[in-house]
Amino acid sequence: MSEISKEELDEIYAFAVQLGKDAGEMLMDAAKVRMGDVGTQEQKEHVQKENAVDLVTETDENIEAFIKKQITTKYPSHKFVGEESYSKGASRHYLIDDTPTWCVDPLDGTVNYIHLFPMFCVSISFIHASKPLIGVINAPFLNQFFSSCADRGAFLNETQPLPLLHNPIPPLPANAPSSCVFSCEWGKDRRDTPDGNMHRKIESFVNMAAEVGGRDGRGGMVHGVRSLGSATLDLAYVAMGAFDIWWEGGCWEWDVAAGIAILQEAGGLITTANPPEDYARAPIEDVRLGSRLYLAIRPAGPSPAETGREGQERTVRGVWQRVRNLDYSRPGA
């Protein structure tokens, strides 16, 4: 696989940023029509006839079609992986290989968007040799635009470097996960199966939240537990430093690719959600994109006792000590 030059990557980055702005504007315009603030009489009558779910699906598909057309016109040799395109198929093989690939979620936080809860976004990532090099996340209702390019930094609204606290970047708490903000999601697997994913998640959430010494020593006493309803924004907020930890299973490539690019460029760590048998000593490796199991730790500076990376790895092991293994296989893989 040929390398991409700095000039080529800069051009792709500029294109991705503009594409994220245009797609975010489309997403917000559709929301305003639903709110009745703008739109032709024909558009308003269409909104009145359709239910919210159908309207959101239509918006999702329209924005993905727009993004795909722009990409395939400018970069016809690049592969395109879109949430709407692939969610309609039954196969769930790993979708990312060494081919230059665009991985897109036109609307992450669909349930939020249906209810006009502002945590929704457009997510665009450019991947080369299986590594996310560029990430763009536009949350238009929040006026938050996250972007990154390999070796060029990660930013909020194009000018604010990430993480927000960066001079210096604070170390992770010495007693992490205690004193950390822990982000997690309920996910789509709601089967009330004993020892199924939902029950394992609930047990893990309680372990992380419980007082130190509680839960047979597994209490994490985190500072707070947050659920945004968008894996993409969860990762952006970890990159921002607003969340210390994000733990999740069940995400597809389009849910995380842009967020991983931004988080890693900001200095964060992302590895597997599932604790290995020897969690205290097992190597901590970067997660494989598409594994569906993710544990992210915010960028961290050094303390007198350890480097930033050592603090991140210590926090990973502290989470692994308290969470359950999740079962999110890849059908067809």
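A short reminder: the numbers here are calculations on the coordinates, not readings from a lab. If you're wondering where the values come from, they're calculated on a predicted model, not measured in any experiment. No Cβ is skipped: glycine too gets one built from the backbone with ideal geometry, and neighbour counts run over all protein chains shown.
From the alpha carbon centroid of the stretch 275-333 to that of the stretch 200-273 is 10 Å. Highest-first packing order for the peptide set 116-126, 221-231 is 116-126, 221-231, based on the mean count of other beta carbon atoms within 10 Å.
Name the helices (complete DSSP H segments) of the chain with a Cα length along the long axis of 27 Å or more and a Kyte-Doolittle mean of at least -0.5, or state none. Before the final figure, lay out each step's value.
Working: long enough: 6-35 (43 Å, -0.15); 52-74 (33 Å, -0.30).
Qualifying helices, which must be both long enough and hydrophobic enough, are 6-35, 52-74.
Across every direction, the projection of the convex hull enclosing the Cα atoms of the stretch 181-320 has a mean area of 8.5 nm².
FRET efficiency for the pair residue 151 and residue 98, taken as 1/(1 + (r/R0)^6) with r the Cβ-Cβ distance and R0 = 25 Å, rounds to 0.80. Only lysine pairs 8 or more places apart or on separate chains count here, and in the chain those with Cα atoms under 22 Å apart total 20. A dipole drawn for the chain from +1 and -1 charges on Cβ atoms has a positive end, and of 232, 141, 177 the residue lying farthest that way is 177. Taking the average, over residues, of other Cβ atoms within 10 Å as the packing measure, peptides 193-200, 150-157, 321-328 rank 321-328, 150-157, 193-200 from highest down. Which parts of the stretch 106-141 would a label at residue 10 reach, counting a residue when its backbone N lies under 18 Å from a point 7 Å out along Cα-to-Cβ? Counting only backbone N, you get 134-135.
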